[in-house]
Amino acid sequence: MGFQSSGAIMMEAGMKVIHQTTRDLEEDEQLARALQESLNTDSPPRQNVPVENVPSERVPVREPPPLLFPSSGSRTCAGCNNRIGHGRFLSCMDSVWHPQCFRCFACNKPISEYEFAMHEDQPYHKSCYKDFFHPKCDVCKNFIPTNRNGLIEYRAHPFWMQKYCPSHEDDGTPRCCSCERMEPMDVKYITLDDGRKLCLECLNSSIMDTPECQHLYMDIQEFFEGLNMKVEQQVPILLVERQALNEALEAEKNGHHLPETRGLCLSEEQIVRTILRRPIIGPGNRIIDMITAPYKLERRCEVTAILILYGLPRLQTGSILAHEMMHAYLRLKGFRSLSPQVEEGICQVLSHMWLESEIIFGSSVNVASTSVASSSSSSSIPTTSKKGAKTEFEKKLGAFIKHQIETDSSEAYGDGFRAAIRAVDRYGLRSTLNHMKMTGSFPY
């Protein structure tokens, strides 16, 4: 910032002021030359300063440095509204100011730097602007650096909007296997025995052994009964490690599965290792003392067992279980030769409906009154949740899982869900299922 006045000249990086009283001729000539040069000098080029909330953007420009001119005494300061008087003043932002009145909107201290930043027509020190508006990385907690073009460039989770430096995508920073948020450097995620990471919020409601899963299974059974879709057969529900799930998947002869399978509805006889007791968290936030035992599956009906991956929070485990329960229902009720899009689509609808009942209605069963056009028993369905009120994080996580279902880009799960939910919304669940059983497709 260059200061000039009828009795002063700013020198030495624009900071030192020398007031003129009685000077010799040489000083007068230097002053005149300095004033003339400052008045004839073009303003510096406008440059960009960073802004937040977008991965990459140009923002409010830096103002040209305010210039200090000799005052005739008739101007009014835009800061204090008093007359400038006979002395130096700043000319910037289409106004004139006493130098001490041109202040940073954040810290309220005078701006004396050569450059300053603007935001919503208010001036800021560059350092104050950075503190207030330059986004920080949610992972490393540092200011997100600018790229070689001088723009702030960052990544953000499409649902959680967690902002982070692009470098964290390649530096091995782990993500939670449930909510997908990156691990901040000041927080230590839980490491499951198969290498998956689990954030502390998801850990709070995680399902870690088969007995815990049985309680959730009973809740979902009631949810199906509330939809007039009772599963008569007792299907074993087993919580398993990822290795056991992958081995069972290889042994299974049919089914349509995602690249990362978290649940299976089995039809074949085989031996599966199930988790008997909730493991504990040991040194370094690692899961230890995992107790498993073999479980022999016997084919007494079309479904031998439902396997669910351990370590996921209750809402996610329940959504997977509701999906696999629908697979079991279709097989046990004689739905034959459904295409992957139709079968996975309707199973995703049941998963979505269960999540909605848990988040919005607070119960696994009272959703039937709004989802099943043909249900005659919905008025008698209880409306209290066995698990009580959800935490704010659980509600957010449930909305995230629903969002994943709704925005899935795969043909079987994503397109299938969207076709299925359109049919259910238009014709009701019962009519949709009847049409599927007769034609193998959704009603349109």
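The values are calculated or read from the model by the stated rules, or taken from the named source; none is laboratory data. Quantities reported herein were computed from a predicted structural model and do not represent experimental measurements. When we count neighbours, we look across all protein chains shown, and the Cβ atoms used for this are built from the backbone with ideal geometry, even at glycine. These area figures cover heavy atoms from the full protein model, side chains too; ligands, DNA and RNA do not enter into them. Shrake-Rupley method; radii C 1.70, N 1.55, O 1.52, S 1.80 Å.
Compute the FRET efficiency between residue 132 and residue 430 as 1/(1 + (r/R0)^6), taking r as their Cβ-Cβ distance and R0 = 41 Å, and round to the nearest 0.05.
Details: r = 56 Å, r/R0 = 1.38.
Calculated value: 0.15.
Which of the peptides 118-129, 304-315 is most tightly packed, and how do the rest follow, going by the mean number of other Cβ atoms within 10 Å of each residue? Display every interim value, and only then the final one.
On the way: 118-129: 17.0, 304-315: 25.6.
The most tightly packed comes first, giving 304-315, 118-129.
Could you check the spin-label model distance between residue 296 and residue 399? Points 7 Å from the Cα along Cα→Cβ, value in nm.
Going from the residue 296 label point to the residue 399 one covers 5.0 nm.
Take the Cα of residue 281, step 7 Å along the line toward its Cβ, and report every residue of the range 313-327 whose backbone nitrogen sits under 19 Å from that point.
From the range 313-327, the list is 313-317.
By what distance, in whole Å, do the Cα atoms of the range 70-220 stretch along each of the three principal axes, largest value first?
87, 37, 22
Once you place label points 7 Å from the Cα toward the Cβ at residue 91 and residue 76, how far apart are they in nm?
Once both label points are built, they end up 1.9 nm from each other.
Once the mean 1/r over all distinct Cα pairs of the range 298-346 is inverted, what Kirkwood radius in angstroms do you read off?
Values: mean 1/r = 0.0833 Å⁻¹.
The answer is 12.0 Å.
If you wrap a convex hull around the alpha carbons of the range 71-155, what volume per residue comes out, as a whole number of Å³?
Values: hull volume 9.6 nm³, N = 85.
In the range 71-155, the Cα hull volume divided by residue count equals 113 Å³.
Where only protein heavy atoms count, and the probe is 1.4 Å, what is the accessible area per residue for the range 198-247 in Å²? Mind dumping the intermediate values first?
Details: 2020 Å² over 50 residues.
The answer is 40 Å² per residue.
Please give the Cα centre distance for the range 407-444 versus the range 154-223, rounded to the nearest Å.
Each part's Cα centre sits 30 Å from the other's.
May I ask for the Kirkwood hydrodynamic radius of the range 182-267, worked out over all distinct Cα pairs and given in angstroms to one decimal?
The answer is 15.6 Å.
For the range 76-208, what is the relative contact order in percent, using Cα pairs closer than 8 Å and at least 6 residues apart in sequence?
Details: 172 pairs, mean separation 15.5, N = 133.
Value for the range 76-208: 12 percent.
Compare the peptides 317-327, 191-201, 414-424 by average per-residue count of other Cβ atoms within 10 angstrom and give them in order, highest first. Numbers along the way, then the final one.
Working: 317-327: 25.9, 191-201: 18.2, 414-424: 20.5.
The most tightly packed comes first, giving 317-327, 414-424, 191-201.
Within the accessible area of the range 395-444, what % is carbon and sulfur when the probe is 1.4 Å and the other protein chains stay in place? Mind dumping the intermediate values first?
Numbers: 1210 of 2480 Å².
The C+S portion of the solvent-accessible surface of the range 395-444 is 49 percent.
What FRET efficiency comes out for residue 228 versus residue 273 if R0 is 41 angstrom and r is the Cβ-Cβ distance? Round to the nearest 0.05. Could you put the intermediate results ahead of the total?
Values: r = 36 Å, r/R0 = 0.87.
In this case the efficiency is close to 0.70.
Of the accessible area of the range 129-244, with the probe set at 1.4 angstrom, what percent is carbon plus sulfur?
Numbers: 2490 of 5290 Å².
Answer for the range 129-244 is 47 percent, counting heavy atoms of protein chains only.
Take peptides 398-404, 147-153 and line them up by average Cβ neighbours within 10 Å, highest first, as a rough protection proxy. If you can, show how the numbers build up before the last one.
Values: 398-404: 18.1, 147-153: 13.4.
Going by the mean number of other Cβ atoms within 10 Å, highest first, we get 398-404, 147-153.
Once the principal axes of the Cα atoms of the range 259-313 are found, what is the range along each, listed largest first in whole angstroms?
44, 25, 16
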